[in-house]
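Quick notes on the structure that follows.
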Amino acid sequence: MPRYAFAAILALGSPVSLPVAAHAQSYMFETGATLLAKCRNKAPEYALACTAYIVGAVDGIKKDVFIGRARPNCWPAQMDAEEVRRIVVAYITRYPDQRKGPASVLVSIALNERYPCDK
């Protein structure tokens, strides 16, 4: 049964017994450790996955800044994907104690460290 069907049934106030799979979903989030493993892997598809993840995280963060959900940062308006990748990998390599954290947060921290705002 599609999700919108569940919503429609629930909106009608009918008691519904949902199958276990419908409400027991698990999600995999990228950690600093898993991102670093991808970035260090020599296979081209892993290098692409590493760079694509980082670029997507940067785009998401920039979107949040644009719509006012995040504080402005001082990153360059245009950044080279490979340079951003090097900055992030260097940061995660330098701080192994942070590798269990969400990779998207580490992308933000690494770029904020590299491009700090002048006070």
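Tabulated data for the structure shown
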| read-out | value |
| --- | --- |
| Identity of the residue in the range 71-96, of a type in the set (Ser, Thr, Tyr) and within 14 Å of Cys39 (Cα to Cα), that ends up surrounded by the most Cβ atoms within 10 Å (Cβ to Cβ) | Tyr91 |
| Residue list for the range 103-119, restricted to those being touching a residue at least 12 places away in the same chain (Cβ under 8 Å), over 16 Å from Ala49 (Cα atoms) and of a type outside the set (A, V, I, L, M) | Ser108, Asn112, Glu113, Arg114, Tyr115, Pro116, Cys117, Asp118 |
| Check on Val65, hydrophobic (A, V, I, L, M, F, W, C), within 19 Å of Cys117 (Cα to Cα) and in a helix (DSSP H, G or I) | yes |
| Matching residues, the range 46-94, being closer than 16 Å to Glu30 by Cα and polar (S, T, N, Q) | Thr51, Thr93 |
| Scan of the range 35-51 for residues that are assigned to a helix (DSSP H, G or I) and either among the β-branched types (Val, Ile, Thr) or over 20 Å from Lys100 (Cα atoms) (or both), ordered by number | Pro44, Glu45, Ala47, Leu48, Thr51 |
| Enumeration of residues in the range 95-119 that are over 15 Å from Thr31 (Cα atoms) and part of a helix (DSSP H, G or I) | Leu111, Asn112, Glu113, Arg114 |
| Test: residue in the range 51-67 that is at pLDDT below 95, surrounded by fewer than 12 Cβ atoms within 10 Å (Cβ to Cβ) and basic (Lys, Arg) | no |
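Residue-by-condition table, conditions (1) basic (Lys, Arg); (2) part of a loop (DSSP other than H, G, I, E, B); (3) closer than 15 Å to Ser104 by Cβ; (4) free of Cβ contacts under 8 Å to residues at least 60 places away in the same chain:
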{"position": "Ile54", "(1), (2), (3), (4)": "no, no, yes, yes"}
{"position": "Ile61", "(1), (2), (3), (4)": "no, no, yes, yes"}
{"position": "Arg69", "(1), (2), (3), (4)": "yes, yes, yes, yes"}
{"position": "Ala77", "(1), (2), (3), (4)": "no, yes, no, yes"}
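The values are calculated or read from the model by the stated rules, or taken from the named source; none is laboratory data. This one's a predicted model, so the numbers in the text were calculated from it and none came from an experiment. Neighbour counts are summed over all protein chains in view; Cβ atoms, including those assigned to glycine, are modelled from backbone coordinates with ideal geometry.
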